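Heads up, the thing below is written out as structure tokens.
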Amino acid sequence: MPRADAARNRSLLIEAASAELSEHGLDVSIARIAARAGVAKGTVFNHFSSKEELISTIFCEQLGALAATGETLLEHTDPRSALLRFMTAGAELQVNDRSFCEAVTVTSRAHPAVRAASDRLARVAEALTARARQVGVVRADVTGHDIVLLLSASTWIAAPLAAVRSDLWRRYLHLILDGLRPEAAHELPVAAPTNEDFITAATR
């Protein structure tokens, strides 16, 4: 197959798979993805060794897009607003893409590309959090890893009412960020997760 055709097919597959996974979750079939892309099922495996590899590729793109948003927000003059916008972008990704939440728990961070994308996101989250700590709008012991884990909190909390209150997660996102303020902070019972914790969890 000519190189240009191969690149076009790969692009079509990623676009089709992203749409199918977003709408139907990780259980969507390779046949359905291939049909949406307008290619033969075998073409999928010419580009990706397995469905898991395809999912990992898309998950990395999602993480990369969120990290890029965070990197842009590092230029924002208001650290609290920047952190809120970053957390909002993370929540919106999960609200609009059914597969993202599933991929967070299913996709192995032992995969080199996923690991690199996850590390980039963690660095961006820590940079945004550090700016917020420095100006005193979040408590001193909040870390970027805390923020990464909290990205899904508001959507999970609001999930039981999502069918009737699709934007309810925004209320809880603001409550979460307000809860990170230092004014009434008490010592936390356990330490924040570390990068080593994520690595250990990925290998189990």
- When the Kirkwood radius is taken over all Cα pairs of region 34-104, what Stokes-Einstein diffusion coefficient follows at 10 °C and 1.306 mPa s, in µm²/s? 113 µm²/s
- Virtual spin-label span in nm between A6 and T200, 7 Å along Cα→Cβ: 4.3 nm
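With a sphere of radius 12 Å drawn around the Cβ of G70, what net charge do the other residues whose Cβ falls strictly inside it have (Lys, Arg +1; Asp, Glu -1)?
Net local charge, G70 excluded: +1.
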- Student exercise, the chain dipole from Lys, Arg, Asp, Glu Cβ charges, in Debye to nearest 20: 340 debye
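With all protein chains present, how much of the accessible area of the chain (probe radius 1.4 Å) comes from carbon and sulfur, to the nearest whole percent?
Carbon and sulfur atoms account for 55 percent of the accessible area of the chain.
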- Item | the chain: calculated mean residue ellipticity at 222 nm from DSSP helix runs of at least 4, using -39500 (n - 2.57) | -22000 deg cm²/dmol
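Calculate, for E183 and A116, the FRET efficiency according to 1/(1 + (r/R0)^6) with r their C-beta to C-beta distance and R0 41 Å; round to the nearest 0.05.
E(calc), rounded to 0.05, equals 0.65.
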- Task: Using a 1.4 angstrom probe, figure out how much accessible area the chain has per residue, in square angstrom, rounded to the nearest whole.
- Result: 54 Å²
- Note on the structure: So, over other residues within a Cβ distance under 15 Å of A40, counting Lys, Arg +1 and Asp, Glu -1, the net charge is +4
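The values are calculated or read from the model by the stated rules, or taken from the named source; none is laboratory data. None of the values given here were measured: they were computed from a predicted structure. All Cβ positions, even for glycine, are placed from backbone atoms using ideal geometry, and neighbour counts span all protein chains on display. All accessible areas refer to the heavy atoms of the entire protein, side chains included, with ligands and DNA or RNA removed. Shrake-Rupley method; radii C 1.70, N 1.55, O 1.52, S 1.80 Å.
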